[in-house]
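Some notes on the structure that comes next.
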Amino acid sequence: MIQFYPQIKDLHVLCVFASVLLLVIRGVLVLAGRPRFALAAPLRYLSYSIDTTLLTAALMLLAILPGAVFANHWLTVKLVLLVLYVLAGSRALRGERSAWSRAGYLTLALACIGLMVSIARAHHPLGVLRNWLAG
């Protein structure tokens, strides 16, 4: 299965971008006072499809990677941030009444995804923060 690693990784990265783009679109719709459009079935189902593909690709990559990749804990940090991202995104779309709270949760969700991307690129639990905290 290692021969398919580049294609699976590319699919995973494409799904990350699609998922974040869809969250931003839906978040902007909610903040613009159009939650009915943001929470409509077609956008929800598209989100479910993208996220399912993203998770499937992630699990396939996990199955391909050697066991030693878990030694530095960067995947564990990404999983914790993933849970925070999902919770913040959910609150941004339908959990809060005030626009400020929704905007704050949307910002938190986007910060989580940004840190997750930097962790994935650096293969280090702190990602981009490693450089900031070290120097």
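The values are calculated or read from the model by the stated rules, or taken from the named source; none is laboratory data. Computed from a prediction, not measured in an experiment: that's the story for all the values here. Cβ sites come from the backbone with ideal geometry, for glycine too, and all protein chains shown count toward neighbours. What goes into the accessible areas is simple: the full protein's heavy atoms, side chains included, and nothing from ligands, DNA or RNA. Shrake-Rupley method; radii C 1.70, N 1.55, O 1.52, S 1.80 Å.
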Item checked: Selection count where residues are without any contact (Cβ under 8 Å) to a residue 60 or more places away in the chain, more than 20 Å from LEU82 (Cα to Cα) and in a helix (DSSP H, G or I), scope segment 12-58 -> 9
Next item on the list: Starting from residues that are of a type in the set (S, T, N, Q) and over 15 Å from the mean Cα position of the chain (by Cα), keep the ones in segment 1-28 and report whichever is farthest from ILE50 (Cα to Cα).
Entry: GLN3
Item checked: Members of segment 1-11 that are part of a helix (DSSP H, G or I), open to solvent by 80 Å² or more (accessible area, probe 1.4 Å) and not charged (D, E, K, R) -> ILE2, GLN3, PHE4, GLN7
Item checked: Odd one out for THR53 among (1) open to solvent by less than 30 Å² (accessible area, probe 1.4 Å); (2) polar (S, T, N, Q); (3) more than 25 Å from LEU129 (Cβ to Cβ) -> (1)
Checklist line | Test: GLY27 is open to solvent by 40 Å² or more (accessible area, probe 1.4 Å) and within 25 Å of LEU11 (Cβ to Cβ) | finding: no
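Let's see how each residue does on (1) surrounded by fewer than 16 Cβ atoms within 10 Å (Cβ to Cβ); (2) closer than 29 Å to TYR5 by Cβ; (3) more than 19 Å from the chain's Cα centre (by Cα):
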| residue | (1), (2), (3) |
| --- | --- |
| PHE37 | yes, no, yes |
| LEU79 | yes, yes, no |
| GLU96 | no, no, yes |
| LEU108 | no, no, no |
Notebook entry, point to check: Does ARG121 meet the test of being outside any loop (DSSP other than H, G, I, E, B), open to solvent by 40 Å² or more (accessible area, probe 1.4 Å) and farther than 17 Å from ASP10 by Cα?
Noted result: no
